[in-house]
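The structure under discussion appears below in the form of structure tokens.
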Amino acid sequence: MDLLETEPYALVLCNLAGESAEASREVIRLARRQQERPATAYLTTSQDHRPHPADSTDLLIEPVDIPWLLTQVTDLLANRAFGRATRRLRSA
């Protein structure tokens with residue numbers, strides 16, 4: 001949570017099976033209050049962890065191939081960083 005207050009993020013993912021579901025919800029609430037308005041999502045690999053009904057508009061990614069999903073997110077971020085670096089070199 002300290003990082004959310006000091007660094008801008010485009011995406012915040014929380015694991016409902018982590019420290020606690022309430023801690024994950026608090027991270028999402030804090031992320032949504034940030035000026036950058038990052039995309040937010042809950043991840044879970046268990047059917048036992050569901051968001052509170054008050055969070056029913058949140059995206060819940062139910063048991064899926066989480067490693068594949070995170071690989072796709074990583075690839076998107078890497079491609080974005082590569083594009084920025086390439087443009088910076090061209091303009092220098």
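Rule-based calculations on the coordinates, nothing more; no lab input. Remember, it's a predicted structure, so these values are computed and weren't measured experimentally. Cβ sites come from the backbone with ideal geometry, for glycine too, and all protein chains shown count toward neighbours.
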Exercise for the section: Starting from the Cα of Thr71, step 7 Å along the direction of its Cβ; do the same at Arg32; then give the gap between the two resulting points in nm. Expected result: 3.2 nm
Completion exercise
Per the rule of 0.36 nm per residue minus the C-alpha distance, extending Leu3 to Arg80 adds in nm 25.6 nm
